Amino acid sequence: MVLRSPLYKNQVKLSAKFTEFAGFEMPIQYSSIREEHFAVRRKVGLFDVSHMSNVWITGSDAAKLISLTTVEDTSRVENGKSQYTVILRENGTIIDDTIFMHLGEKFMMIPNAGMNQIVTKWLNEQAKNYHLKAKVEDVSHEYVILAIQGPKSKETLQKTTDVNLDSVKFFDCQIVKVAGVECILSHTGYTGELGFELQITPTRKASVVFDALLSAGEEYGIQPIGLGARDTLRLEKAFMLAGNEFEGGRTPLEATLGWTIFWDHEFIGKEALLKQKEQGTYQRMTCLECVEKGIPRHKCEIQKDGIVVGNVTSGTLSPCLNIGIAMGYVAPDKREVGNILDIMVRDKPLKVKVIKPPFVPKDWAQKHEEIATR
Amino acid sequence: MTHDVRDGLKYTKTHEWVKLTGSKAKIGITDHAQEELTDIVFVELPTVGKEIKKGEELCVVESVKSVSEVYAPVSGKIVAVNTKLDDSPEIINKSPYDDGWLVELEVKDKAEVNTLLDATAYKKL
């Protein structure tokens, strides 16, 4: 069965082209990936990301359950704050990466598309195993998720809400009204630009918010954005895409997400991570930029002098830089910044250089206005 | 949405077009194909002089999101490639039947061209 967003009809009206992603039929693009990409980098874009999951975690031990099942020490995450973290198996590999929001007594977790049942089941099992008073409930089908992203996102959203957005800090979350509809607002995103995300329930009210944001953003050149540009936008910032970057079982150390780990608390997978850290020989997520023409893609081999040293997990043409870029796992001794490696594309080597992430720094698009959208 | 289909060209079910002039055939992808791909950002062209058989991979056209193989609609020897596409692959989006041609072949057997679809048959696909 293919699921559709409650906003499907709005998207058809906007001439979206659709694709199937994690069991959902979602817009891949409206105008063109490139045009939408630059709309977000330079102006503002509106995304429907309802394929992502929503899970409520409640009960007196809700925070303890999150601390146990993620690398985060939830006691340090204040009420009204969102937090990015990863959920691990006993062997230290990532089940999913997620943002959770601390909303008073409750927590809302946003697992990836198609991960709702897996995460809900896993968390409920651990609550039972560790005798925690916590309830985990999959409410994904009750929510529409919108993301408004880009330098003009704040002005656009401000026109539709009474809350003063100047007082909302990065990663803050709170309940607000947007276009008269109650939403959970968080100052978060997946594009590397200024942006906000909205969780809306009941889903029938989402259309009002969607349309209100599109009208409010008209003066700034707002565009609806599909999953195609969502992928190029996140890749230019070297943000992980769970289905690609964690495929086959990767630990947060391998994924260079060590900064998310709070070692001073007990969590599932900690022992395995400590062991891996001590050994130190594991492959690590590495950012690679092409030094010649070509586009690396998911699953391409990475070689050094004809020997395999890793593989590509995500690759694309960077619309901003107009060169091929890739993320992939590389042996620890081959990933020094500036190192030249080969990515095998259709059995031919494509020369790439190891760079320090991100590929596209903050405000890049504003500083390079001469680059046409094409 | 209706796409441009040119009379006088021959077509394949996989959305390549062939324009035969004497024994030479220019090959490209159709308006429908470029529309489906959108934002063509890279073309890997074959080497001039290479012999290619009908149905073999002729070149690769990449959009931001996808990689698509273009198959040889007929057999022959590659006599020219559109080197303009190296720097401006987006020409294919703008002009799929004219400036956006991919490869020119010295056709081995002209009868092979006649087995391809004409404009009317291609439109019906």
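For A:GLY226, the residues whose modelled amide H falls within less than 5 Å of its own, excluding neighbours fewer than 5 places apart on the same chain, are A:TYR30. Between A:LEU274 and A:ILE118, the modelled label-to-label distance comes to 2.7 nm, taking each label 7 Å out from Cα in the direction of the beta carbon. Note on segment A:46-104: the alpha carbon radius of gyration divided by the globular reference 2.2 N^0.38 Å gives 1.19. For A:CYS173, the accessible area of its heavy atoms, probed at 1.4 Å with every protein chain present, is near 10 square angstrom. Take each residue of peptide A:27-33, count the partner chain Cβ atoms within 10 Å of its Cβ, and average: the result is 3. Rolling a 1.4 Å probe over the protein heavy atoms leaves A:ARG346 with an accessible area of roughly 70 Å².
Peptide packing: for B:9-18, B:45-54, the average count of neighbouring Cβ atoms within 10 Å per residue gives the ranking B:9-18, B:45-54, highest mean first.
Dividing the convex hull volume of the alpha carbon atoms of the protein assembly as shown by its residue count gives 157 Å³ per residue. Once you sort the root eigenvalues of the Cα gyration tensor of segment B:10-123 as a ≥ b ≥ c, which label holds: rounded (a/c under 1.5), prolate (a/b larger than b/c) or oblate (the other case)? Verdict is oblate for segment B:10-123. Protection proxy ranking for A:51-59, A:259-267, using the average of other Cβ atoms within 10 Å per residue and placing the highest first: A:51-59, A:259-267.
Per-residue mean of foreign Cβ neighbours for B:53-65 is 3 (Cβ atoms of other chains, 10 Å radius). Think of it as helices only: each DSSP H run of n ≥ 4 in chain A is worth -39500 (n - 2.57), and spread over all residues that comes to -6000 deg cm²/dmol at 222 nm.
The phi-based Karplus calculation (6.51 cos²θ - 1.76 cosθ + 1.60; θ = phi - 60°) puts the 3J(HN,Hα) values of segment A:24-38 at 10, 8, 10, x, 8, 6, 10, 9, 7, 4, 5, 4, 5, 4, 6 Hz, whole numbers, x for Gly and Pro. Taking a ≥ b ≥ c as the square roots of the eigenvalues of the Cα gyration tensor, segment A:55-141 is classed as rounded, since a/c falls below 1.5.
The values are calculated or read from the model by the stated rules, or taken from the named source; none is laboratory data. In this text, all values refer to a predicted model and were calculated from it rather than measured experimentally. Cβ atoms come from the backbone with ideal geometry, glycine included; neighbour counts cover every protein chain shown. Note: areas computed on protein heavy atoms with side chains; ligands, DNA, RNA excluded. Shrake-Rupley method; radii C 1.70, N 1.55, O 1.52, S 1.80 Å.
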